[in-house]
């Protein structure tokens, strides 16, 4: 165990104590860093410096909502791991001498809460021509895909997909529903597609978007082109047709 901690954990002094970077990842790809601050001779505080809840807030989640089932899960996990929420900073006070298991459990609790990101989708309040175009596309080709399918990834147990076509290979199609914050949205889906491919290596990934009514920037578009086998506008469906042919449908 000591050998593992020496090889896998990076430690660096900070103004208030020590920062430990662990071999655990947040959904956005950054490694988990825990900050240690001495409190009294017998206690130390572990903190995430606001990274975990800041990620959820940045994705549009109202972490104070009493009606949100996702926020209810967040609060339940915080209670389970005995975390304190101090202005969106998650902390836990532990006794000295500090044990490796204390650090590991705190880090795992942060990752568990951070992955609630994938349960949060902003409601769509505008007509989505991409949804209509995809439905018409499948109807015109006499293809009946499965709708609202949940597939298991390597890390995420339930990833919901709008359409899945199963032929000699499979084609998964996700219609981009969000209007704003599309870079965050595409980073989430980059993780999801990567996670799904580890379980479904014969699956093609497709996304259809609306360039006119959604606030795209070049980075968000570049992510889509990079991580998807087919990333196309709703009014230019030839790439989706080619993907459908490629899977044998």
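The values are calculated or read from the model by the stated rules, or taken from the named source; none is laboratory data. It should be emphasised that the depicted structure is a prediction, and the values quoted were computed from it without experimental measurement. Please note: Cβ atoms are built from the backbone with ideal geometry, for glycine as well, and neighbour counts cover all protein chains shown.
The lone criterion from (1) modelled with pLDDT under 90; (2) over 24 Å from the mean Cα position of the chain (by Cα); (3) outside any helix (DSSP H, G or I) left unmet by residue 148 is number (2). Within the set 201, 195, the sole residue that is out of contact with any helix residue (DSSP H, G or I) (no Cβ under 8 Å at 6 or more places or on another chain) and at pLDDT below 90 turns out to be 201. For the range 26-49, residues that are at pLDDT below 90 and within 27 Å of residue 178 (Cβ to Cβ) total 6. Of all the listed residues (222, 158, 146), the sole one being touching a strand residue (DSSP E or B) at 6+ places or on another chain (Cβ under 7 Å), within 25 Å of residue 57 (Cα to Cα) and surrounded by fewer than 21 Cβ atoms within 10 Å (Cβ to Cβ) is 158.
Exactly one residue among 173, 227 is crowded, with 21+ Cβ neighbours inside 10 Å, touching a helix residue (DSSP H, G or I) at 6+ places or on another chain (Cβ under 7 Å) and modelled with pLDDT of 95 or more, and that residue is 173. Identification of strands (runs of 3 or more DSSP E) wholly contained in the range 1-86 with 2 or more residues that are without any contact (Cβ under 8 Å) to a residue 40 or more places away in the chain, out of contact with any helix residue (DSSP H, G or I) (no Cβ under 8 Å at 6 or more places or on another chain) and over 23 Å from residue 119 (Cα atoms) yields 10-13, 18-25, 31-40.
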